[in-house]
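Working notes for the structure below.
What follows is calculated from the coordinates using simple rules that are stated; it is not laboratory data. Note that this is a predicted model, so its numbers are computed, not measured. A quick note on method: Cβ atoms are made from the backbone with ideal geometry, for glycine too, and the neighbour counts reach across all protein chains shown.
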Amino acid sequence: METNEGVQSTVDFYILAGQSNMDGEGDVDKLPEGLNRTFGNAWIYSPNRRDDQQSVDDRGLWEALRPGHGDGYSTDGNRSFHSGKFGPELSFASKLLENRPEHKVLIYKYAKGGSSIHPDAATDWGCWDPEYNRGNCINQWTHFQYHLHRAIETAERKFGRIMPAGIVWHQGESDASHTRTIAKSYRVKLTVLMNKMREELHNATSPIVIGQISDSMMGRGKRKNTFPFGDVVKTAQRKFTENDDRSAIVAAPEGHKFIDAWHYDSQTYIELGERFANAMKELQ
């Protein structure tokens, strides 16, 4: 792949992963013109999501990045069926290309709504624990890992040599919703998971950006907090980045809004994606 000047361009490969606020509930019809388009120099691989215990779904494809890769997106392996939703990926790619216009951006996105890291917080949504040993031992890590390998292999055939450039992780609400014991285990489990992702990329110092969870304060009954142990998980996220000099934490903008108790509004996804990209630039 070459630029107009005939110089080999850099193809940067990013992982975007987590739960529903990484998947995205932003409304496509609320996107500004600059993001409501098909990108000419950014691509995305966003496979079908599966539950724990379900067999791996091998369908996924690379396509030019465009809106519709939020909640409700699916693919038959040859075509994409875009939803009316988006996540942080659009503004993330746009800001990366603004910062480094000579680069190409590849995004592998796998985010499962409601998923936890701790198996006891998974309920019906799934868990990411790489050491999961329940049932047939298939969980979100299994699905993620399979498609990560497939995304890399197909990207290399399509784009040539790629450069693993970083990981963005936005998750933790489910681990903050059950017990204090589960929440207190989050730092250790997050560390194991992030380092496993680095291992998969064969880069022990791959930059990691952590999206800090936030609470809508729309809890039911006498409880205002939606995530009763949210402060424990937020502290764990901050401690992870303080003890890993190749990572950074990113909070949603002050005064950000929600569409319900759990999910950000459209503008927050846009601003969050830009913040992820700026933090990634600083780490690189």
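General observations
- Between the alpha-carbon centres of the range 16-75 and the range 217-284 there is a gap of 20 Å.
- Anisotropy class of the range 1-135 from Cα gyration tensor, a/c 1.5 cut: prolate
- Within the listed set 112, 85, 196, the Gaussian network model of the chain (springs between alpha-carbon atoms below 10 Å) gives the highest mean-square fluctuation for 196.
- The packing ranking, built from the mean of other Cβ atoms within 10 Å per residue, places the peptides 174-184, 123-133 in the order 174-184, 123-133, highest first.
- Within the shell of other residues whose beta carbon sits under 15 angstrom from the beta carbon of residue 194, the net charge comes to -1, with Lys and Arg scored +1 and Asp and Glu -1.
- Global geometry of the range 10-283, whether rounded, prolate or oblate, following the gyration tensor of its Cα atoms and the 1.5 cut on a/c: rounded
- Positive minus negative residues near residue 72 (Lys, Arg vs Asp, Glu; Cβ under 10 Å): -2
- Cα long-axis angle, helix 89-99 against the chain (0 to 90 degrees, to the nearest 10): 50 degrees
- Binning the C-alpha pair distances of the range 57-192 at 5 Å intervals from 0 yields a P(r) profile of 2, 8, 16, 19, 20, 16, 11, 6, 2, 0 %, listed from the shortest bin outward.
- Acute angle (nearest 10 degrees) that the helix 230-242 long axis makes with the longest principal axis of the chain, alpha-carbon atoms: 50 degrees
- Residue by residue, the range 63-70 carries 3J(HN,Hα) couplings of 8, 4, 4, 7, x, x, 9, x Hz when phi is fed to the Karplus relation 6.51 cos²θ - 1.76 cosθ + 1.60 (θ = phi - 60°); x denotes Gly or Pro.
- Remark: the range 191-205, residue by residue, has Karplus-estimated 3J(HN,Hα) of 4, 4, 5, 5, 5, 5, 5, 4, 4, 5, 8, 6, 8, 5, 10 Hz, where x stands for each Gly or Pro and the curve is 6.51 cos²θ - 1.76 cosθ + 1.60 at θ = phi - 60°.
- Environment charge of residue 141, counting only residues whose C-beta is closer than 9 Å and scoring Lys/Arg +1, Asp/Glu -1: -1
- Relative to the longest principal axis of the Cα atoms of the chain, helix 266-283 runs at roughly 70 degrees.
- Positive-end residue, the range 10-283 charge dipole about Cα centroid, Cβ charges, pick of 182, 74, 144: 182
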